[in-house]
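The values are calculated or read from the model by the stated rules, or taken from the named source; none is laboratory data. As the structure is a computational prediction, the values presented were derived from the model and not from experiment. Quick reminder, even Gly has a Cβ in these numbers, built from the backbone with ideal geometry, and neighbours come from all protein chains shown.
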Amino acid sequence: MDKTFDVVVWGATGFTGRLVAEYLADRYGLDGELKWTIGGRNGQKLESVRQAFKAGVGQLPPQVADSHDLEALRAIVRQTRVMCTTVGPYARYGSELVQACAEEGVDYCDLTGEVHWMHDMILRHDASAAASGARIVHTCGFDSIPSDLGVFYVQRAMAEAHGVYAAEVKYRALDFKGGFSGGTVASMLDMLERAEQDPSLEQLISDPYALDPQDGARGLDGPDSNTAFYDADFKAWAAPFVMAGINTRVVRRSHALMGYPYGADFRYNEATLIRGGVLGATIAASVSVGTAGVLAAMAFAPTRNLLARWLPSPGEGPSQTAREAGFFKIALLGKHPETRAKDVLIYVRGDRDPGYGSTAKMLAESAVCLARDGINVGGGIATPASTMGAALVDRLHQNAGVTFELTSRTEPEGAPDAR
């Protein structure tokens, strides 16, 4: 069936949504082969965005609907191949759009990191998406593309080099410049508020396999590390990584959806690598205590409300100069099941700040990948790796400044032994 649009950027009046639209305009133009437009709930604001792009007659026609108006959303969804949404917190504003896409057979991608909401969407709409052929792909930003595609890339390299898959993959955050987005903060606060009201959500969020199919096989991974530890593989101290509670669940869901190719005993974990020589242990411990303190404060309503005043709000973000000065660098180590000399190490790098610049480009390319790359994968509520895999890796390499580099180093880049 012919569609009016390849991609609709939903929430284009918000800070991140506008970045996605700007990227599409710069990379693909307003009248190029990619047919895309903008959408949201406020027609007047959308028209202002359209005019800022100096769009001509018929270019970027705004698609207007309230996020809770299911029938109005259906009318927009039926016109497009992919709905690309930045409207969060998704548990508040995203459920009807997922339903519309799942039932109408239209692909979808977003930036959510809300484990409880993704779990709910799987229960409610996975079956209808599978039946209609809709690929519903959550977590198409900094959480969780470097993690999910990073594991995919490591395992592909391991299989090509040695004919087996890694028994364990470690993700270690090495270097960052730039903060988390106001939308990410708002989603985290909303998730903690809901967990305070419904204690069962806390148990769900802490489950390492929270996003796996209900009838899936559970692996060997336990709770995420919340303390400092010495990582012998990287010869450095490590501290908890704040996004691990999202990324690890996505990686495990990918493994399940792909049919458990890495084996029933496959393990995956994430942490932040601490450099500091002999001071590494002290720094790692301080980071661990600080992270735990902030999370504890956010879990308690009075202190959560106080912290919210100091954290970035949705719609706010850094300047273009700050975004372009940002970057990230991550190492992923795939451990050979028998011979450590055959381990595989890759680096994932981004040329913009993780929370805004790189995230906007990753989401935009995910939408284009779904719309234009002829991916032969069935419908359902999926993940970046299980749906787009190599096609998205290639797009990010070519267009988005996000690279996956296989290194010939025999040992991971780390700090001097500081035990």
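Summary table below
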quantity	calculated
Count of region 156-207 residues which are modelled with pLDDT of 75 or more and not in a helix (DSSP H, G or I)	18
Residue within region 78-94 that is polar (S, T, N, Q), outside any strand (DSSP E or B) and either at pLDDT below 95 or on the phi < 0 side of the Ramachandran plot (or both) present	yes
Identity of the residue in region 25-51, charged (D, E, K, R) and in a helix (DSSP H, G or I), that ends up surrounded by the most Cβ atoms within 10 Å (Cβ to Cβ)	Arg50
Counted residues, region 63-90 - those being without any contact (Cβ under 8 Å) to a residue 40 or more places away in the chain and closer than 12 Å to Ala12 by Cα	1
Residues that are touching a helix residue (DSSP H, G or I) at 6+ places or on another chain (Cβ under 6 Å) and within 29 Å of Leu406 (Cα to Cα), drawn from region 315-325	Arg323
First in region 248-271 and in contact (Cβ under 8 Å) with a residue 40 or more places away in the chain, second anywhere and among the basic types (Lys, Arg), Cβ under 7 Å, 6 or more apart	Tyr268/Arg252; Asn269/Lys170; Ala271/Arg172
Among residues of region 95-120, those that are under 16 Å from the mean Cα position of the chain (by Cα) and not in a loop (DSSP other than H, G, I, E, B), counted	7
Test: residue in region 359-371 that is in a loop (DSSP other than H, G, I, E, B) and either in contact with a Leu (Cβ under 8 Å, 6 or more places away or on another chain) or not β-branched (Val, Ile, Thr) (or both)	no
Leu370 closer than 30 Å to Phe15 by Cβ, crowded, with 18+ Cβ neighbours inside 10 Å and modelled with pLDDT of 95 or more	yes
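This table checks each residue for (1) small (Gly, Ala, Ser); (2) modelled with pLDDT of 95 or more; (3) more than 17 Å from Val169 (Cβ to Cβ).
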{"position": "Asp221", "(1), (2), (3)": "no, yes, no"}
{"position": "Lys235", "(1), (2), (3)": "no, no, yes"}
{"position": "Ala256", "(1), (2), (3)": "yes, yes, no"}
{"position": "Ala284", "(1), (2), (3)": "yes, no, yes"}
{"position": "Ala292", "(1), (2), (3)": "yes, no, yes"}
{"position": "Glu316", "(1), (2), (3)": "no, no, yes"}
